[in-house]
Amino acid sequence: MTDRLGELSAAGVAIWLDDLSRTRLSSGGLDQLRREKHLVGVTSNPTIFAKALSDADEYNWQLKDLAIRGVDVEEAVRLLTTYDVRWACDVMRPAYDASAGVDGRVSIEVDPRLAHESEKTVAEAGALWWLIDRPNLFIKIPATEAGLPAITATLAQGISVNVTLIFGLDRYSQVMEAFLAGLEQAKANGHDLSKIGSVASFFVSRVDTEVDKRLEKIGSDEAKALRGKAAIANARLAYERYCEVFGSDRWRALADAGAHPQRPLWASTSTKNPDYRDVIYVEELIASGTVNTMPESVIHAFADHGEVRGDTVTGGYDEARKAFDGLLAVGVDMADVIATLEREGVEKFEASWLELLDGVKKSLAEAARGAGQPGRIAKGNAQAAEKAGGNA
């Protein structure tokens, strides 16, 4: 049988899973994906945790202990989620060791309510880093205006960072600048740059969802012909910028000191429009030195019928620019699209975090009373969190 995921890995794409739960850990499912599906990384987010804690009884014993100790809900959430991430780091450690620290990474996000507060984000990143205490951890920090200095400051402390919620090219350039500045400061602070990792999570399918909605509203034949073009074009032009920055003299000086590049990570790669091929955001974004974080369903879909046609990114820069010119010509304001997506991305993760807090609060109360089935967050909360949506 054709090993399509093996071919994808050989083409330079690191396969990561966009999901995490204690059930997946305790069943051995995560380790099986690592061993059998070329999986070399894991991402989590508030929505993923809200769903995980609503669906599994494996959290009961820990919730009971937390309730007996009288731990407040925010600390309980921190302890529940970091337990899972620490466990996942241990499962993925073989991939970390085999890649000299490049892969085998597991990501946990700072409280999304801190997205517009730099100092608190840095402090929370440090607290999560110390609490989980694994070298293959990534701390996720959103690429908001306030997030940029937090990214630099966190890296400067020797902490590895997954920069999330990147939608636009200009913001991506700012993220790479924050990364370079962070590594330069880390070097000055005496940190071993070879131990510091980073990825830049560039969201894909959500761009098409927002742009296609606007194209449908415009309604012309020219506009409708551009549906499904924006996200891939956006990501390809992001990779072009990546190649420019990581081919610079500034980067070479850091590489000579042992630094690894900040790889582009294609996030939100499940297809939202059923009219599109289910693996389109994998097949059309194959390039060396990238990461694609996928829901398990997309991993299995690609293993079944995905096509690896070599590099599908670097030869598409001109086509991508033409797609952007076409969007401008029909009246799509990409700057407004990007601003809308960033704002909504933060809001969705905040909503999921609040649902998570509310569900854990109720479960702690049940555990304290010694009644019911502690650990199961109300299904309504899970459904609300799932509607809030979000990958990576």
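Summary table
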item	result
In nm, spacing of pseudo-spin labels at A188 and A100 (7 Å Cα→C-beta vector)	2.8
Long-range HN-HN contacts of A267 with modeled amide H, under 5 Å	F202, F203, V204
Surface accessible to a 1.4 Å probe, per residue, for the residues of the range 33-77, Å²	41
Part-to-part distance (alpha-carbon centres) for the range 1-80 and the range 241-304, which is given in Å	20
Net dipole in debye of the range 111-256 [+1 Lys, Arg Cβ; -1 Asp, Glu Cβ; about Cα centre; nearest 20]	320
Difference of contour (0.36 nm per residue) and Cα-Cα distance, K195 to E240	13.6 nm
Distance between modelled label sites at E177 and A127, nm, 7 Å Cα→Cβ extension	3.1
Correct option for Kirkwood radius over Cα pairs in Å [calculated from the coordinates] among [x] 25.0; [y] 21.3; [z] 21.9	[y]
Rough spin-label spacing in nm, given labels placed 7 Å along Cα→Cβ, for E222 and K120	4.7
Extension gain, R250 back to K213 (0.36 nm per residue minus Cα-Cα distance, nm)	9.3 nm
Cβ charges +1 (Lys, Arg) and -1 (Asp, Glu), total dipole of the range 266-338, debye	60
Positive-pole candidate from A255, A153, G126, dipole of the chain, charges at beta carbon	G126
Test item: Cα-centred dipole of the range 187-287, Lys/Arg +1 and Asp/Glu -1 on Cβ, debye	260
Mean-position separation - Cα centroids, the range 168-227 and the range 305-362, in angstrom	9
Computed E for D57/Y83 - FRET, C-beta separation, R0 25 angstrom, nearest 0.05	0.95
For the range 136-286, the fraction of alpha-carbon pairs in successive 5 Å shells from zero, as %	2, 10, 18, 19, 17, 13, 9, 6, 4, 2, 1, 0
Subset of K37/K348; K51/K362; K213/K362; K272/K322; K224/K322; K120/K195 violating a 26 Å alpha-carbon distance limit	K37/K348; K213/K362
Accessible surface of the chain, 1.4 Å probe, proportion on carbon and sulfur as whole %	50
Considering only the chain, percent of DSSP beta bridges that pair antiparallel, nearest 5	0
Local electrostatic count, V199, Cβ distance below 12 Å [Lys/Arg +1, Asp/Glu -1]	+2
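The values are calculated or read from the model by the stated rules, or taken from the named source; none is laboratory data. Model, not experiment: these values are computed from the prediction. With ideal geometry, Cβ positions are generated from the backbone for all residues, glycine too; neighbour counts draw on all protein chains shown. Just so you know, the surface numbers come from the protein's heavy atoms only, side chains and all, with ligands and any DNA or RNA stripped out. Shrake-Rupley method; radii C 1.70, N 1.55, O 1.52, S 1.80 Å.
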